[in-house]
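The values are calculated or read from the model by the stated rules, or taken from the named source; none is laboratory data. All values reported here derive from a predicted model rather than from experimental measurement. Calculation scope for accessible area: heavy atoms of the full protein, side chains included, ligands and nucleic acids excluded. Shrake-Rupley method; radii C 1.70, N 1.55, O 1.52, S 1.80 Å.
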Amino acid sequence: MNFDTQNPYDKVDYRYCRASSGLRLANYIIDSVVTYLLLVILAIIVALIDPEIVDYLDNGIISRIVAMVFYGIMMAFTEAMLNGKSIGKFITKTKAVNIDGTDISFEKSFTRNLIRVIPFNAFSALGTPSTPWHDVWSDTMVVEEKKVALQQESANLFTVVKKFE
């Protein structure tokens with residue numbers, strides 16, 4: 001049997017593979033907890049090295065800006081290294097991809113995650129389907145890996161059936 005060698009991404013309708021708002025919220029909560037734990041560990045290390053820096057960063061607005069930028073940069077590197085996955089996405093088995101379903105590049109990951117620093121970006125994720133600014137402006141989406149696999153299997157099955165007609 002000769003299966004279709006065409007790219008399986010071309011046959012999948014990713015609108016049906018989008019992650020639900022609940023999964024997106026779970027990703028956000030898990031990633032936020034991990035990020036703030038890392039930030040606390042980093043702050044302890046910095047405090048041991050130079051306590052005066054902690055006094056400077058103790059200002060409310062400066063510490064919030066540092067935390068937001070740290071979150072965006074950490075998420076960008078994590079998604080770039082884990083092929084579109086953050087720690088939260090790894091746990092919930094979801095993945096950030098381009099609109100056409102292909103893997104995101106480092107540049108796309110960096111752009112997508114720096115947009116997260118924009119105030120009220122989190123509120124843009126409310127709704128069904130969840131399409132936050134960092135997805136819309138970077139032409140990406142978060143998909144469930146199980147749904148993508150099912151769509152690809154379905155497309156492959158129909159390709160095989162058509163060949164026997």
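Run the accessible area of segment 93-143 with a 1.4 Å probe and give the carbon-and-sulfur part as a rounded percent. Ligands and nucleic acids excluded, carbon and sulfur give 68 percent. Segment F106..I73, full-extension length gain: 10.7 nm, with 0.36 nm per residue of separation and the alpha-carbon distance subtracted. Accessible surface ranking for D50, D55, 1.4 angstrom probe, highest first: D55, D50.
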